[in-house]
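Taking it in order: structure first as structure tokens, then the write-up.
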Amino acid sequence: MPGNDTAFALVGEFQFHFANMEGALNSCVAKVLGIGGTTAAVVTGTLDFAKKVALVLAAIDANFSRDNHETARKLLNKVRGENDPHRQNIIHSRFLATGHSEVTFFRTTARDKLEQKIFTWTPDDFHQHFSRMASLANELAALEEQLEPYVPSLDFSDPRNSGFVAML
């Protein structure tokens, strides 16, 4: 069906942009943990998206990089927002082409109660998300350049190590 070709292409492109954004997030995770190669692939491959965001936020907080702390937090919250609800809704829904190149989604969840949502995205809706995710991937790449892994030491003048004093 010709309309479904457009729907398939739009949903597929959404996943493409999301995967690129998640790849940039994976690079941030690897950077703050000071890992690379197969180790980074194993670690990022076992974490869900929300945990990756939380890990990077916690690492930034632990490293006391206060100058860019709030900017990074805002960026990571935008990244989190692309995953939930948008990716969750798009990827976990049945969908079909409707109207003039529109895509209608049917999502059912049953966590604490049964919820059924029907929503429609136009090509413009998709393209706004494509643009936003591409921009967020670039911003994550820029953030990665600023990140450094935290390496604890026994330098007690560093406030990040003050918790170790209590253990001695």
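The values are calculated or read from the model by the stated rules, or taken from the named source; none is laboratory data. Keep in mind that this is a model prediction, so the values were computed, not measured. When we count neighbours, we look across all protein chains shown, and the Cβ atoms used for this are built from the backbone with ideal geometry, even at glycine. The accessibility values were calculated without ligands, DNA or RNA, using every heavy atom of the protein model including side chains. Shrake-Rupley method; radii C 1.70, N 1.55, O 1.52, S 1.80 Å.
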task = Quickly estimate the mean residue ellipticity at 222 nm for the chain, helices only: each DSSP H run with n ≥ 4 gives -39500 (n - 2.57), and the total goes over all residues, rounded to 500.
result = -20500 deg cm²/dmol
query = Residue-wise, which Karplus ³J(HN,Hα) couplings in Hz belong to segment 101-115, taking 6.51 cos²θ - 1.76 cosθ + 1.60, θ = phi - 60°, and x for glycine or proline?
reply = 6, 7, 10, 9, 10, 10, 10, 10, 10, 9, 7, 8, 8, 6, 10
task = With an 8 Å cut-off on Cα pairs and a minimum separation of 6 or more residues, tell me the relative contact order of the chain in percent.
result = 33 percent
query = When the accessible area of the chain is computed with all protein chains present and a 1.4 Å probe, what percentage of it is carbon and sulfur?
reply = 55 percent
ask   = Taking the simple approach of a point 7 Å from Cα along Cα-to-Cβ for both GLN128 and ALA9, what is their distance in nm?
value = 2.2 nm
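Quick one: in segment 1-149, what % of C-alpha pairs are over 27 Å apart?
Beyond 27 Å sits 32 percent of the P(r) for segment 1-149.
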remark   = For segment 34-94, shape from the Cα gyration tensor axes a ≥ b ≥ c, cut at a/c of 1.5 then a/b versus b/c, turns out oblate
note = Mean accessible area per residue over the chain (1.4 angstrom probe, all protein chains present, square angstrom) is 59 Å²
query = Size of the dipole of the chain about the Cα centre, Lys and Arg at +1 and Asp and Glu at -1 on the beta carbon, nothing else charged, in debye to 20?
reply = 480 debye
task = Within segment 125-140, which residues have the backbone N less than 15 Å from the label spot 7 Å out from ASN63 along Cα→beta-carbon, could you tell me?
result = 140
note = Of the residues GLN128, ALA24, VAL53, the Cα lying farthest along the dipole of the chain towards its positive end, which is defined by charges on the beta carbon of Lys, Arg, Asp and Glu, belongs to VAL53
message = Quick check: residue separation of ASN77 and ARG111 times 0.36 nm, minus the Cα distance between them. What number comes out in nm?
response = 9.9 nm
